[in-house]
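What follows is a set of notes on a single structure, which appears directly below.
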């Protein structure tokens, strides 16, 4: 998916929020916004947003003076999500439809705003999410693809959400390889974050080799690309991975919340819809 | 009130929305955002946002190629609000507390999103607003100030909302002078818009002489400044006027919705609060 003009003020808001998160002085945030402003005319609009995000976050991190400004927030998200693990695992095991329930819990993990809420609030938020109508939900197609696949490649997205991914992975009944980012960016999952969520106990972990907040195949390691192109079934979590992979010919199911107008419009769904989307059904 | 860093992405979003509203090509919107981006480091942060808005909207209008890109939307808002006039006028007259009811209707007019809804939807939205709790509401102070004033200066804000201002003006029981912007900016009320709302039938109309979306006294005409400084009671509508007038020593009551985080934080109220705020109570 290309970058839309709507992405530009959104990137600027991300710069502002990150500056605030790490307690950057207001005048330095202003300098950051001004430097980003000067970069705008050089942003290649034909690139997917995750590619642009790497440039933007390199700039942000230079001002912030940290390689991984979200690390504390990520650790907190993982702790909060782990606090929900036992209860959610029980809910899935006791469900009349464990796989269906685990898919819904995994997509709900893409929605929850960790880091600002108590475990109690998170559980209430999750319960509310699970009763709302979902958007496109290709569960039958997914079940049939899963039955035929002898292994699954799972593309991770945010930290915290990782624990919800683990719950789904534990119920898939197939060997899973879980791909993490090649380095820290925003609150995306890295090797360290995946291990903190206990994913190493239930599947293989692999780095994509790409630091972008979305799987840009040309920036991934040759090893990861081989893995990707030979995978019989791929679960792609979150919006960034979808933005990067739309149009790539591969057996991908996208599992995400449509979090912005641009993506919702592009997919022809409503803003905020929860989606399990067979990439084979998308018109290009 | 000074400009905060949060205002910068907000201005950029306004540029994007205005470009979309008039159907500007995406590549031209991108050029507009890039040119705005280059301006950021020259924005004087000590200025109130309405002063910066004049520079930003001059740039926007240059790309848009129109002096008043919101004119159609403004006309539509006025028509829709006039469609509610008779019913609201009846509600006020039949209320046990006409002035209290008219104040609430006037502030609700600052909230309603004209131009996207039917009259039926607008009436439902208004009814919903009037049942919710308000924020700071200095109605007793206002009643006492009104009793002592022999005339009122009313500072207009958005078009459409003008009809709700008219309903309040009709019940004040004092001669009112209604101030409009010195020229078109965003959807703010100009002389032409005030007349379309029938305000000329119930009060005197005066141009502030200032085109900014907020009363910047140093940009107003000498005549308007005399009027302002001799007014025994001033009703200031909307956030832009508040941003421009905070700290000015005058008998002002601000009537508005706190529409953005910056203003809410600055006033110590919740985002979205409806306010009738005696400026004499504000700590500087």
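Quick note: the coordinates plus some simple rules give every number you see, no bench work behind them. As the structure is a prediction and not an experimental result, all values here were calculated from the model. For neighbour counting, all protein chains shown are included, and Cβ atoms are generated from backbone atoms with ideal geometry for every residue, glycine included.
Remark: the residue B:76-residue B:229 segment gains 51.6 nm on full extension, using 0.36 nm per residue and subtracting the alpha carbon distance. With coordinates expressed along the principal axes, the C-alpha atoms belonging to segment B:7-64 extend over 34, 18, 18 Å, beginning with the largest.
Looking at segment B:67-179, the pairs of alpha carbons with a distance over 18 Å make up 52% of the total.
The ranking of A:125, B:223 by Cβ neighbour count inside 10 Å, starting from the fewest, reads B:223, A:125. The mean count of C-beta atoms from other chains within 10 Å of the C-beta of residues in B:8-21, rounded to a whole number, is 4.
Roughly how compact is chain B, stated as its Cα Rg over 2.2 N^0.38 Å to two decimals?
Working: Rg = 18.2 Å, N = 284, 2.2 N^0.38 = 18.8 Å.
Cα-based Rg divided by the globular estimate yields 0.97.
Helix-only arithmetic for chain A: the sum of -39500 (n - 2.57) across DSSP H runs with n ≥ 4, divided by the residue total, places the mean residue ellipticity at 222 nm at -16000 deg cm²/dmol. Computed log10 I(q)/I(0) for segment A:158-218 at 0.19 Å⁻¹: -0.63, from the Debye equation with unit scatterers placed on every C-alpha and solvent omitted. Starting from the label point of residue A:71 at 7 Å along Cα→Cβ, the same points in the other copies fall at 5.9 nm, in ascending order.
Rounded to the nearest 0.05, the FRET efficiency derived from the C-beta distance between residue B:221 and residue B:96 at R0 = 45 Å is 0.60.
Ranked highest first by average number of other Cβ atoms within 10 Å, how do B:83-90, A:210-217, A:46-53 line up?
Numbers: B:83-90: 14.9, A:210-217: 23.8, A:46-53: 20.4.
Taking the mean over residues of other Cβ atoms within 10 Å, the ranking is A:210-217, A:46-53, B:83-90.
Please find the FRET efficiency linking residue B:131 to residue A:132, where r is the Cβ-Cβ separation and R0 is fixed at 22 Å, and quote it to the nearest 0.05. The value I calculate is 0.30. Plainly put, the tip 7 Å out from Cα toward Cβ on residue B:139 is 5.0 nm from that tip on each other copy, the closest given first.
The residue A:17 and residue B:151 beta-carbon pair, evaluated with R₀ = 45 Å, returns a calculated FRET efficiency of approximately 0.45.
If you count, for every residue in A:25-31, the Cβ atoms of partner chains within 10 Å of its Cβ, what is the mean?
Numbers: counts 0, 4, 2, 1, 4, 8, 3.
What the average comes to for A:25-31 is 3.
Rounded to the nearest 5, the antiparallel percentage of DSSP beta bridges internal to chain A is 25%. Computed extension gain for residue A:261 through residue A:41, at 0.36 nm per residue and net of the alpha carbon distance, reaches 77.0 nm. The Cα-based radius of gyration of segment B:110-163, divided by its Kirkwood radius, gives an Rg/Rh of 1.06. Rg and Dmax of the protein assembly as shown, based on Cα coordinates, read 27.2, 85 Å.
From Cα pairs below 8 angstrom and at least 6 apart in sequence, can you work out the relative contact order of chain A, rounded to a whole percent?
Numbers: 474 pairs, mean separation 56.0, N = 284.
Relative CO of chain A lands at 20 percent.
Inter-copy label distances for residue A:123: 4.6 nm (label point placed 7 Å from Cα along Cα→Cβ; shortest first).
Quick one: check the C-alpha center-to-center distance for segment B:161-227 versus segment A:215-281, whole angstrom. About 52 Å separates the Cα centre of segment B:161-227 from the one of segment A:215-281. Each peptide in A:186-195, B:274-283 gets a packing score, the mean of other Cβ atoms within 10 Å over its residues, and the list from highest to lowest is A:186-195, B:274-283. Scanning chain B for the beta carbon that comes closest to the axis linking it by rotation to A yields B:37, 1, distance in whole angstrom.
Taken along its principal axes, the alpha carbon cloud of segment A:168-284 reaches lengths of 37, 31, 28 Å, longest axis first. Please determine, in degrees from 0 to 90 and to the nearest 10, the orientation of helix A:49-64 with respect to the longest principal axis defined by the Cα atoms of chain A, where the helix direction is its Cα long axis. Tilt of helix A:49-64: around 50 degrees.
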